[in-house]
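The values are calculated or read from the model by the stated rules, or taken from the named source; none is laboratory data. For clarity, every value in this text was computed on a predicted model and none was experimentally measured. Glycine gets a Cβ as well: all are built from the backbone with ideal geometry, and neighbour counts include every protein chain shown.
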Amino acid sequence: AQKITQTQPGMFVQEKEAVTLDCTYDTSDPSYGLFWYKQPSSGEMIFLIYQGSYDQQNATEGRYSLNFQKARKSANLVISASQLGDSAMYFCAMSSLGDMRFGAGTRLTVKP
Amino acid sequence: EAQVTQNPRYLITVTGKKLTVTCSQNMNHEYMSWYRQDPGLGLRQIYYSMNVEVTDKGDVPEGYKVSRKEKRNFPLILESPSPNQTSLYFCASSLRAASSYEQYFGPGTRLTVT
């Protein structure tokens with residue numbers, strides 16, 4: 001069965017510094033997608049970044065990058081130059097065909 | 001504006017009283033899905049639909065029903081709600097069911113069953 005694990009319930013980072021949010025996954029499917037979503041206190045789910053299981057290069061989207069280590073089954077999110085508006089819950093997710101699994105989330109707090 | 005809408009946004013009901021949460025998308029997406037979000041558990045998939053008339057169980061389907069008669073709508077039905085179904089519910093859609101498509105989420109429905 002597919003499984004996603006986020007081991008950091010909460011993280012703190014100083015404004016303008018970089019932070020890494022951890023995500024590990026487990027699947028026997030050769031084809032899958034890995035996603036990160038942000039959920040601010042207002043509640044909406046915001047897509048941040050995607051990595052395909054066959055992609056050779058790590059995905060990047062502005063200040064977000066995904067550190068994909070396939071052999072270790074990890075897909076960590078790196079946020080560079082943190083901003084106060086980055087304070088939110090962050091969810092890692094894995095999709096294979098129709099099935100979608102989310103981790104428990106990491107609450108990131110950016111300190112001024 | 002491309003969006004996923006859910007109604008109602010908030011609902012308080014009593015045990016056993018059937019209810020339906022509607023979900024609609026205007027992006028001509030093939031894939032739609034329902035999730036529930038509970039503290040410490042993240043989002044868990046309830047049901048999903050790969051296309052019209054095609055639905056499948058997710059991780060936590062017990063106590064829920066769905067139907068997909070039209071491409072744009074994917075209602076979630078609770079035939080006999082119980083207090084353990086108190087949760088925040090999200091509907092989402094994506095262009096296709098393949099694993100490379102991001103999902104667009106609705107605003108959420110907060111359900112309380114007393």
Exercise. Would you call A:Ala75 within 14 Å of another protein chain (Cβ to nearest Cβ), within 28 Å of B:Ser87 (Cβ to Cβ), outside any loop (DSSP other than H, G, I, E, B) and of a type in the set (Gly, Ala, Ser)?
Worked result: yes
Exercise. Here are some conditions: (1) away from chain B (no Cβ under 13 Å); (2) under 25 Å from B:Pro107 (Cα atoms); (3) of a type outside the set (A, V, I, L, M). A:Phe47 meets all but one. Which one does it not meet?
Worked result: (1)
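Residues to consider are B:Asn84, B:Asn73, B:Asn51; find the one that is under 11 Å from the mean Cα position of the chain (by Cα) and over 13 Å from A:Asp99 (Cβ atoms).
Details: B:Asn84 fails: under 11 Å from the mean Cα position of the chain (by Cα); B:Asn51 fails: under 11 Å from the mean Cα position of the chain (by Cα).
B:Asn73 is the lone residue from the list that is under 11 Å from the mean Cα position of the chain (by Cα) and over 13 Å from A:Asp99 (Cβ atoms).
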Exercise. Any idea how many residues of segment A:70-84 are touching a strand residue (DSSP E or B) at 6+ places or on another chain (Cβ under 8 Å) and without any contact (Cβ under 8 Å) to a residue 60 or more places away in the chain?
Worked result: 6
Exercise. Across segment B:39-79, what is the number of residues that are closer than 22 Å to A:Phe91 by Cβ and among the polar types (S, T, N, Q)?
Worked result: 2
For this session: Identify the single condition in (1) within 8 Å of chain B (Cβ to nearest Cβ); (2) at pLDDT 95 or above; (3) not in a strand (DSSP E or B) that A:Asn58 does not satisfy, given that it satisfies every other one.
Result: (1)
For this session: Say whether the condition of being modelled with pLDDT under 95, crowded, with 17+ Cβ neighbours inside 10 Å and outside any strand (DSSP E or B) is met by at least one residue in segment B:59-74.
Result: yes
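Would you point out which residue out of B:Gln45, B:Gln6, B:Gln37 is under 20 Å from B:Ser99 (Cβ atoms), modelled with pLDDT of 95 or more, under 14 Å from the mean Cα position of the chain (by Cα) and surrounded by 18 or more Cβ atoms within 10 Å (Cβ to Cβ)?
None of the other options fit; the residue is B:Gln45.
Return yes or no: is A:Thr5 in contact with a Cys (Cβ under 9 Å, 6 or more places away or on another chain) and within 11 Å of chain B (Cβ to nearest Cβ)?
yes
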Exercise. Of all residues in segment B:33-47, which are more than 10 Å from chain A (Cβ to nearest Cβ) and closer than 14 Å to B:Thr5 by Cα?
Worked result: B:Trp34
